[in-house]
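Colleague: Have a look at this one before I ask anything.
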Amino acid sequence: MARKKKLPSVAIVGRPNVGKSTLFNRLVGKRLAIVHDEPGVTRDFREAKAKLGDLHFTVLDTAGLEDAEEGTLAARMTEMTERAIDQADVVIFMTDARTGLMPDDEHFARLLRERDKPAILLVNKAEGNEGEAAAAEFWALGLEEPVPFSAAHGLGMDALHDALEEKFLLLKERHRAAKKKRKKKEKPEVSDEEPAGEAPQVGEDEEREPVKPLQMVIVGRPNAGKSTLINRLVGKERLLTGPEAGITRDAIGIDWTWHKRPVKLWDTAGMRKKAKVKEKLEKLSVGDAIRAAKYGEVAVVLLDATEPLRKQDLAIADLMAREGRAVVIAINKWDLVPPDQRARYRKELERLVDEKLPQIIGAPVVTLSARTGKGVDKLMPTVFATWEKWNERIPTAKLNRWLEEAVSRHPPPAPGGRRIKLRYITQPKTRPPTFVVFTQRADKVPAEYGRYLVKSLRDTFDLWGVPIRLKFKEVENPYDSADAGRRRRN
């Protein structure tokens, strides 16, 4: 198995609304980041694989840089952007030709110079001769030659390619020199592992990549603690959090490893009732969350234990089940529930799930506190156990023995005096488990009989908590007179 090379990382930074997300989407070749006229749409930094000509790299979209008062949401967003800068190998610093050079541009240009990061200065919205002339004033930032650019129209992409290629070559030369210097200092007994904190080996071989990661999406109402939970899982402040509801807007994917098993964690925007979602930006955020959920495998529906269970919580779980996702219900802020009320709360939740969400009856429930970490260790074992059920494939022979026993216990009805005969069953798909029962009168099988078979499948093969698809398909009856007549005519 070939080893995979690590890609260099490029962070796009700049003031709010200068066009960072537009460039991010252009580089990754799809509309991943939400783009809106309102400043400050992006709040966390998000990363994705990008391509520009023959260059392949990881690109990071970041929140707008603002010289804001300490403790405010804007200041916390800037802090997250600074972390992205520290993580990146190269920085694209975007400015705006239409607004001209601003004090915040000068402030953050100094920040880049202090960090000694390889930087490319893009002057966005510089369409036409006037834009190119306006780009000249950005020489004052003391970085490098300003590159006139238009992210919206794709102008200046060749110049950006050449600038990135130059920075990547410089990085490789630096890493080769560092590696050579390190080898000279090494003694025979010293391990050849990289010292902690060393710059990443751009283009060097890494460990073999593990199997395809489990796609785990965390969904729920606003302020349930989704970002806090992900930060607790990964062991660092990777996502922006705070007391304000609705901080997360984009669906953010984070690569993570749990007990040597790769996982892609997806943080999503809080989902409110459709009637309350009126602003265009919130509609875009919720739409982005739903798209992420559709590509997920396991959906962790996060509830807030300090608030009563609401119809919206069940509606979110129902949406995940209808999309065919495996569902785990996690109750956050469990440490804030009085001990004498916990049993009643959990019992009521399980009753409502079984009553209102029959497609995921028996879904596992995990209680935890993302803030303190208590109970979080129970989440991932539950997620993987549910994922394995979601991927369960049952041998055809076992299925048909089960069908024979299920029919003998409770035969199908006989509408119009003619009994329905179930011939055999197969499982054509997993993810979620999907079964097809062949019978001569598929359209006459009552819905309640189908529910009986699904429940029996869950009981027999321990498929509780995952959606099950059961379909009835028509099979020709050789003794049916109408069928026989059709065969003779043909």
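Colleague: Suppose R0 equals 41 Å. What FRET efficiency, 1/(1 + (r/R0)^6) with r the Cβ-Cβ distance, do ASP86 and ALA442 give to the nearest 0.05?
Modeller: Working from the Cβ atoms, E equals 0.10.
Colleague: Taking R0 as 51 Å, what FRET efficiency do you get between LEU470 and LYS172 from their Cβ-Cβ distance, rounded to the nearest 0.05?
Modeller: Computed FRET efficiency for LEU470 and LYS172: 0.35.
Colleague: Mind ranking 88-94, 263-269, 316-322, 429-435 by how tightly packed they are, going by the mean number of other C-beta atoms within 10 angstrom, highest first?
Modeller: Peptide ranking by packing, descending: 88-94, 263-269, 316-322, 429-435.
Colleague: Using label points projected 7 Å from each Cα along Cα→Cβ, tell me how many nm separate ASP158 and ARG346, to one decimal.
Modeller: Distance between the two pseudo-spin positions: 6.6 nm.
Colleague: Along each of the three principal axes of the Cα atoms of the stretch 396-484, give the extent in whole Å, ordering the values from largest to smallest.
Modeller: Result for the stretch 396-484: principal-axis Cα extents of 43, 23, 21 Å.
Colleague: Mind giving me the nanometre distance, one decimal, between the label points for LYS30 and LYS421, set 7 Å out from Cα along Cα→Cβ?
Modeller: 4.9 nm
Colleague: Of the listed pairs LYS311/LYS356; LYS294/LYS347; LYS260/LYS294; LYS20/LYS125, which have alpha-carbon separations greater than 21 Å here?
Modeller: Listed pairs above 21 Å: LYS294/LYS347; LYS260/LYS294.
Colleague: Work out, step by step, the length gained on full extension between LYS49 and ARG431: first 0.36 nm times the residue separation, then minus their alpha carbon distance; give nm to one decimal.
Modeller: Between LYS49 and ARG431, full extension yields 134.9 nm more.
Colleague: Sticking with the crude label model, points 7 Å out along Cα→Cβ, report the distance from GLU388 to LYS260 in nm, one decimal please.
Modeller: 1.6 nm
Colleague: Here's another thing I want to ask about it. With the cut-off at 1.5 for a/c, could you classify the stretch 352-445 from its C-alpha gyration tensor as rounded, prolate or oblate?
Modeller: Verdict is prolate for the stretch 352-445.
Colleague: On a full-extension model of 0.36 nm per residue, what is the gain between ALA133 and GLU405, subtracting their alpha-carbon distance, rounded to one decimal in nm?
Modeller: The ALA133-GLU405 span can extend by a further 89.8 nm.
Colleague: Next question, about the same structure. How much length, in nm to one decimal, is gained on full extension between ALA140 and LYS184, taken as 0.36 nm per residue of separation minus their Cα-Cα distance?
Modeller: Gain on stretching ALA140 to LYS184: 11.7 nm.
Colleague: If neighbour count is taken as other Cβ atoms inside 10 Å, put ASP459, ASP104 in order from fewest to most.
Modeller: Ranked by crowding around the Cβ, least crowded first: ASP459, ASP104.
Colleague: Another question, if that's okay. Between LYS398 and GLU355, what FRET efficiency follows from the Cβ-Cβ distance if R0 is 30 Å, with the result rounded to 0.05?
Modeller: Calculated transfer efficiency: 0.50.
Read-outs throughout are calculated quantities, based only on the coordinates presented, and are distinct from any laboratory measurement. All values derive from a computational prediction rather than experimental measurement. Note that each Cβ is placed from the backbone with ideal geometry, even for glycine, and that neighbours are counted across all protein chains shown.
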